[in-house]
1. For the chain, calculate the relative contact order in percent as a whole number, restricting contacts to Cα pairs under 8 Å that are 6 or more residues apart.
2. DSSP beta bridges in the stretch 2-147, what fraction antiparallel, as a percent rounded to 5?
3. Of 34, 22, 148, which is farthest along the charge dipole of the chain in the positive direction, counting Lys and Arg as +1 and Asp and Glu as -1 at C-beta?
4. On full extension of the chain, what length is gained from residue 69 through residue 104, given 0.36 nm per residue of separation minus the C-alpha to C-alpha distance?
5. Show me 31-37, 42-48 ranked by packing, highest mean number of other Cβ atoms within 10 Å first.
6. Add +1 for every Lys or Arg and -1 for every Asp or Glu among the other residues with Cβ under 9 Å from the Cβ of residue 40, and state the total.
7. Which net charge results when you count Lys and Arg as +1 and Asp and Glu as -1 among the other residues whose beta-carbon is under 12 Å from that of residue 102?
8. Quote to one decimal, in nm, the extra length available between residue 92 and residue 146 on full extension: 0.36 nm per residue of separation minus the C-alpha distance between them.
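Quick note: the coordinates plus some simple rules give every number you see, no bench work behind them. Predicted model only: the values in this text are computed from it and were never measured. A quick note on method: Cβ atoms are made from the backbone with ideal geometry, for glycine too, and the neighbour counts reach across all protein chains shown.
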Amino acid sequence: MQLTSTAFKDKDNIPKRHTCQGGDISPQLAWENVPAGTKSLALIMEDPDAKGQTFIHWVAWNIDPQAEELKEGMTPETPHSIFMQGTNSLEKLGYLGPCPPTGSHRYFFRLYALNKELDLLSSTTKEGLLEAIKGHILGKAELMGRYQKS
């Protein structure tokens, strides 16, 4: 399974429009070669370079594997028919763009192919999502971008 974006290539810089210095707009994400039997996808975006602990920027699940992409600009108001979103490290719902206080940070988008849909609350965190997908992962893909404030 592969995860790509029209906004940036793997290991390249994330455009400012997708960060706290831009519009905090979620980037387009596309996937291909999803494993047979996949019923839904789950997504985690995180910054392991954050001081103290990994900072969670986005948690989402029940993404339709047949959709082939999440369009740019997903918001907390995006209909549940498209996907469900959980709580980021600021305890807010939805996407939170890169905003490193100092230096260049890495941002990992991890997409999981699952053999079931999930019944989770919007208060679900990364830890809750990882617990819910244990034993249900058919495949995984990763896309990493970098960002440093100008």
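1. Relative contact order, the chain: 31 percent.
2. 95 percent
3. The Cα lying farthest towards the positive end belongs to 148.
4. Fully extending the segment from residue 69 to residue 104 adds 9.9 nm.
5. Peptide ranking by packing, descending: 42-48, 31-37.
6. 0
7. +1
8. On the way: separation 54, 0.36 × 54 = 19.44 nm, distance 2.23 nm.
Result for the pair: 17.2 nm of gain on full extension.
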